[in-house]
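Note sheet for the following structure.
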Amino acid sequence: MKTEQRVMLGVDVESDWGSGSRSGIETVLPRLLALFHECAVRATFFVVGELAAAFREQVDPGGPHEVGSHGLTHALLDRLDWDGVMREVVGSKERLESAGYEVRGFRAPFLRSPPWLATIVRDAGYGYDASEGSVYPDPRVFFSRSRRPRRQDGLLRLGVSTLRDRITPASLTYLRLYHPLGLRLFSPSAHFFSCHLHELLEARGGWQRLPSPLRRLHGRKSGQAAFRILETLLRRPGLRFVSCREFLDEAL
Ligand SMILES: [Zn+2]
């Protein structure tokens, strides 16, 4: 009998494309929670600390999903000094915990971080880090030994998960960009899949900081089309989507 492939599902929760508005939390999150319920999916929401109160209105700490930190303000950690990174890592954990969540995981915004991030994350009392890899396809991960979850320097690392080409991040962004081929590229060895709330918003123009051709590309298949792509993946036979906590507790 073919064994089921367990995949960690991570959802990054931040304001919409840096605009500061929260439509993702207000309009997408309720639909996403309903979809997860229908598909018996459990996810880890990596939530920006300053959005803890808005998020708490929709996601109960006693529910099926896990909540991790995505920084305090979604600042780029590789542009901050030690104290600045401390504020983001420690401050977000405090904010989310005072909203009632038990926070074990950290995920750096844009997966950009200084090389000493893990020390701060570990010392702040997190159990795992999900900041490895790149938001862009990266040939360096092709032969990388950091493709699986592992324990390193007293901290669990999620490792880098890719599509079948072994260089493209396993994320909704690339399933949209490569659509309709994207879903076929989902790898039987992927162990982590990520998406953002704002990808599921209608009429997205793409990430505003990108040059306009790239921005149009990045807005491709967003909103309802993105929901359909995500739902197809979540319902795929043989895949079981779980929170990072659940995956790591069983695997390591
Ligand atoms: Zn983010």
Condition check: closer than 17 Å to VAL11 by Cβ and modelled with pLDDT of 95 or more. Does GLU88 satisfy that? no
Within segment 110-132, can you find the residues that are in contact with a strand residue (DSSP E or B) (Cβ under 8 Å, 6 or more places away or on another chain) and part of a helix (DSSP H, G or I)? LEU117, ALA118, VAL121, ARG122
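Please indicate, with yes or no, whether at least one residue in segment 133-156 is under 18 Å from GLY49 (Cα atoms), in contact (Cβ under 8 Å) with a residue 24 or more places away in the chain and part of a loop (DSSP other than H, G, I, E, B).
Looking through segment 133-156, none of the residues is under 18 Å from GLY49 (Cα atoms), in contact (Cβ under 8 Å) with a residue 24 or more places away in the chain and part of a loop (DSSP other than H, G, I, E, B).
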Among the residues of segment 218-246, write down those that are touching a strand residue (DSSP E or B) at 6+ places or on another chain (Cβ under 8 Å) and farther than 17 Å from LEU163 by Cβ. ARG240, VAL242, SER243, CYS244, ARG245, GLU246
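Regarding THR3, is this residue without any contact (Cβ under 8 Å) to a residue 60 or more places away in the chain and more than 17 Å from the chain's Cα centre (by Cα)? Give the steps one after another, and end with the answer.
On the way: without any contact (Cβ under 8 Å) to a residue 60 or more places away in the chain: yes; more than 17 Å from the chain's Cα centre (by Cα): yes.
In short, yes.
With closer than 25 Å to LEU230 by Cα and among the aliphatic types (A, V, I, L, M) as the only criterion, which of VAL121, VAL141, VAL90 stands out? Show your work before the answer.
Working: VAL121 fails: closer than 25 Å to LEU230 by Cα; VAL90 fails: closer than 25 Å to LEU230 by Cα.
Exactly one residue qualifies, and that residue is VAL141.
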Residue count, segment 55-94 (criterion: within 16 Å of the ligand (Cβ to nearest atom), closer than 17 Å to ILE25 by Cβ and either assigned to a helix (DSSP H, G or I) or not small (Gly, Ala, Ser) (or both)): 7
May I ask you to verify whether PRO188 is modelled with pLDDT of 90 or more, assigned to a loop (DSSP other than H, G, I, E, B) and surrounded by fewer than 17 Cβ atoms within 10 Å (Cβ to Cβ)? no
Of everything in segment 7-24 that's in contact with a His (Cβ under 8 Å, 6 or more places away or on another chain) and at pLDDT 95 or above, which residue is surrounded by the fewest Cβ atoms within 10 Å (Cβ to Cβ)? VAL7
Quick check, is THR27 of a type outside the set (A, V, I, L, M, F, W, C) and modelled with pLDDT under 95? yes
Restricting attention to segment 33-54, and to residues there that are touching a helix residue (DSSP H, G or I) at 6+ places or on another chain (Cβ under 8 Å) and more than 16 Å from the ligand (Cβ to nearest atom), which single residue is nearest to CYS244 (Cα to Cα)? ARG42
(1) within 16 Å of the ligand (Cβ to nearest atom); (2) over 19 Å from the mean Cα position of the chain (by Cα); (3) basic (Lys, Arg): which one isn't true of ARG22, the others all being true? (2)
Quick test of your reading of the structure: GLY105 fulfils all but one of (1) free of Cβ contacts under 8 Å to residues at least 40 places away in the same chain; (2) within 16 Å of the ligand (Cβ to nearest atom); (3) surrounded by 15 or more Cβ atoms within 10 Å (Cβ to Cβ); (4) on the phi < 0 side of the Ramachandran plot. Name the failing condition by number. (1)
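The values are calculated or read from the model by the stated rules, or taken from the named source; none is laboratory data. All figures in this text were calculated on a predicted structure; none of them were measured in a lab. So basically every Cβ, Gly included, is an ideal-geometry build from the backbone, and we count neighbours across all protein chains shown.
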